[in-house]
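Enquirer: One structure, pasted below without further comment.
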Amino acid sequence: MTIPNTLIFVDLAADDPAAAGEFYAEVFGWENDPRPYGVYHRMVPGGNMIDGKGAESAIGNFHIGIHKAENARPHPKQEGVEPRELSKVGRKPRVWILVSEDDSIEAILERALDRGANLLWKDHFWREFNGFNAAFSDPWGNEILLWVKGGDAPVVPANFTEE
C-alpha cells in the first residue's frame, strides 16, 4: 500500500439525531444536513482546510455524522442490530475541534452549556502538542474537545493546569 487510507468522517450516536444536529449547528455554526431527517444528520462545517502558508487549501473540512443509536445506518439489516442504546459511561472516542480564529473556547463552551452540555474541563495547556484545551460532553454523552494552537511562544495563564 503506497497511498494512505483516508479518514473521511466520524459518527456520533444520539437518541435524537435531529436535536443533536440542531445542537451542533447552534454551538459551532455548522450546516445541519439531514439524510433523512431524524435518522442520520451530516454536520458540514464548510470551508476548506488551511495549508502550511495559512491559506485555504482545496481540501474541504471533515464532516461529522450523527446516527440514531437504536438503528445505526448504514447496516445491511434494515431493522438494525444491538446495542440500541447510547453509551454514556466509560471511555469512548473523543472528537477534537480546532477553534477558529473568529471564535473562542469560552464562547463555544457557553453556547454548549446553555444547550445542555456538561463541562468536563477547561483552562488546560498540553505542552507536548502546544495547545490550550477544554472539553464538554454533549447531551448524548459524546465527548468534544476544543483546541487552540499555542503558537511559537505560548503564554500559559497562571490559573491554567498544564502537562
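The values are calculated or read from the model by the stated rules, or taken from the named source; none is laboratory data. Given the structure is predicted, the values throughout are model-derived calculations rather than measurements. Cβ placement follows ideal geometry from the backbone for every residue including glycine, while neighbour counts extend to all protein chains displayed. Note: areas computed on protein heavy atoms with side chains; ligands, DNA, RNA excluded. Shrake-Rupley method; radii C 1.70, N 1.55, O 1.52, S 1.80 Å.
Enquirer: Placing +1 at every Lys and Arg Cβ and -1 at every Asp and Glu Cβ, with all other atoms neutral, what dipole size does region 38-132 have around its Cα centre, in debye to the nearest 20? Spell out each step's value before the answer.
Expert: Details: 14 positive and 14 negative charges, 105 e Å.
So the magnitude is around 500 debye.
Enquirer: Relative to the compact-globule scaling 2.2 N^0.38 Å, provide the ratio for the alpha-carbon radius of gyration of the chain.
Expert: So the Cα radius of gyration is 1.13 times the expected 2.2 N^0.38 Å.
Enquirer: Return one number: the angle in degrees, 0 to 90 and rounded to the nearest 10, between the long axis of the Cα atoms of helix 17-28 and the longest principal axis of the Cα atoms of the chain.
Expert: 20
Enquirer: Run the numbers for Val10 and Phe62: contour at 0.36 nm per residue of separation, minus the present Cα-Cα distance, in nm. Don't jump to the answer; show the numbers that get you there.
Expert: Working: separation 52, 0.36 × 52 = 18.72 nm, distance 0.85 nm.
Between Val10 and Phe62, full extension yields 17.9 nm more.
Enquirer: Let me ask something additional. Lysines within cross-link reach of Lys122: Cα-Cα under 26 Å, excluding same-chain residues under 8 positions apart?
Expert: Partners within reach: Lys88, Lys92, Lys149.
Enquirer: Which FRET efficiency value, to the nearest 0.05, is calculated for Glu31 and His124 with the Förster distance at 22 angstrom and r the Cβ-Cβ distance?
Expert: Working: r = 30 Å, r/R0 = 1.36.
Efficiency at R0 = 22 Å is approximately 0.15.
Enquirer: Could I ask something else about it? If I histogram all Cα-Cα distances within region 46-104 using bins 5 Å wide from 0, what percent of pairs lands in each bin?
Expert: Calculated P(r), rounded to whole percents: 4, 13, 15, 17, 13, 11, 12, 10, 5, 1.
Enquirer: A follow-up question, please. What is the helix-to-structure angle for 105-114, meaning the angle in degrees between its Cα long axis and the longest Cα principal axis of the chain, kept from 0 to 90 and rounded to the nearest 10?
Expert: Roughly 40 degrees between the two axes.
Enquirer: OK, next. Determine the per residue accessible area of region 25-163 with all protein chains present and a 1.4 angstrom probe, expressed in square angstrom.
Expert: Numbers: 8760 Å² over 139 residues.
Normalised by residue count, the accessible surface of region 25-163 is 63 Å².
Enquirer: Can you give me the % of accessible surface on region 61-108 that is carbon or sulfur? Probe 1.4 Å, all protein chains present, nothing else counted.
Expert: Details: 1890 of 3490 Å².
The value for region 61-108 is 54 percent carbon and sulfur by accessible area.
Enquirer: Considering the dipole of the chain built from charges on the beta carbon (Lys and Arg +1, Asp and Glu -1) around the Cα centre, which of Asn159, Pro36, Asn130 is farthest to its positive end?
Expert: My answer, from the dipole projection, is Pro36.
Enquirer: I would also like to ask the following. Counting only trypsin sites (Lys or Arg not before Pro) that are in a DSSP loop and have at most 14 other C-beta atoms within 10 Å, tell me the longest site-free stretch of the chain.
Expert: On the way: sites that count: Lys53, Lys77, Arg84, Lys88, Arg91.
It runs 92-163.
Enquirer: Then there's this: Calculate, in nm to one decimal, what Val156 and Arg91 gain on full extension: separation in residues at 0.36 nm each, minus their alpha carbon distance. Could the numbers behind the result be given before it?
Expert: Details: separation 65, 0.36 × 65 = 23.40 nm, distance 2.83 nm.
Contour length minus the Cα-Cα distance gives 20.6 nm.
Enquirer: Further, regarding this structure: Of Ile108, Leu120, Gln78, whose Cα points farthest to the positive end of the dipole of the chain (charges on the beta-carbon: +1 Lys, Arg; -1 Asp, Glu; origin at the Cα centre)?
Expert: My answer, from the dipole projection, is Gln78.
Enquirer: In addition: So what's the back-of-envelope 222 nm ellipticity for the chain, counting only DSSP H runs of four-plus at -39500 (n - 2.57) apiece and dividing by all residues, rounded to 500?
Expert: Numbers: 2 runs with 22 residues, N = 163.
That calculation yields -4000 deg cm²/dmol at 222 nm.
Enquirer: Once you place label points 7 Å from the Cα toward the Cβ at Asp114 and Glu101, how far apart are they in nm?
Expert: 2.6
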